[in-house]
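A.B. asks: Have a look at this one before I ask anything.
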Amino acid sequence: MILRDGRNGLLKEASKLILALVLILVPMIAAAQTAETQQAQPAQESPAAPAEQGDYKTGRALFTGEKPFTNGGPPCISCHSAGIGALDGGVLGPNLTQIYAGPKRALLMIGWVNSPGLPVMGPIFSAKNITEAEMEHLRTFFSETAKQPAMASKTGSFLGAGAAGFVGIMIFFSIVWSGRYRKRNKGTAHDALWRNYGGKGGQ
């Protein structure tokens, strides 16, 4: 009788132990199988951004001013640069070469560009809105510039060209106006003094 009770007790304990092992092992096996299945499946690539519907050449022309904006706004290059053109662009605004490559791409929306709250662009483009079609062309243009590294600013070249142009204009007007001055004073007392006291005609 005692042996029978002891055997029954052992069977009950063994059953409990087996049940506990099953409850522990089954979730572990299921988790391992899930992990193997996930590893066997090829990694899914994140969906690519939809291709822009605009035209690159039109966007470039809008940026440089070769093509005017419909509502008369100034070209982007007057304040921004994007790594194009011999003298690049303006330095009042940031370089936009890489704007399409990062989170700032969200700024290429007419709702932001035409907002009157912007400190510089607001007063201009809130009155002379960029259209959605024009912004699509600009987005396509910037999607291409983003594939190139941002170039160093060409401000020095621009200043050098401006200084050379200023000097050239001053020389040109000096030649033109000196001739006009001599013609105006020819035959006058001033002309006689010039010729008699050191002028070329006083030799």
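Just so it is clear, none of the values below were taken in a lab; they were calculated from the coordinates. The shown structure was predicted, so the numbers you read here are calculated from the model rather than taken from an experiment. Backbone-built Cβ (ideal geometry, glycine too); neighbour counts: all protein chains shown.
A.B. asks: Fully extended, how many nm does the chain gain between Ile84 and Leu118 (0.36 nm per residue separation, minus their Cα-Cα distance)?
C.D. replies: Here the segment from Ile84 to Leu118 would lengthen by 9.7 nm.
A.B. asks: Something else: Calculate, for Ala61 and Glu132, the FRET efficiency according to 1/(1 + (r/R0)^6) with r their C-beta to C-beta distance and R0 25 Å; round to the nearest 0.05.
C.D. replies: 0.90
A.B. asks: Check which residues have an amide H placed less than 5 Å from Asp55's amide H, if you skip close sequence neighbours.
C.D. replies: Hits under the 5 Å cutoff: His137.
A.B. asks: What ranking, highest mean first, results for peptides 163-170, 91-98 when packing means the other Cβ atoms within 10 Å averaged over each residue?
C.D. replies: Listed from highest to lowest mean packing, they are 91-98, 163-170.
A.B. asks: Tally Lys/Arg at +1 and Asp/Glu at -1 over every other residue whose Cβ is under 9 Å from the Cβ of Glu136; what's the total?
C.D. replies: Local net charge: -3.
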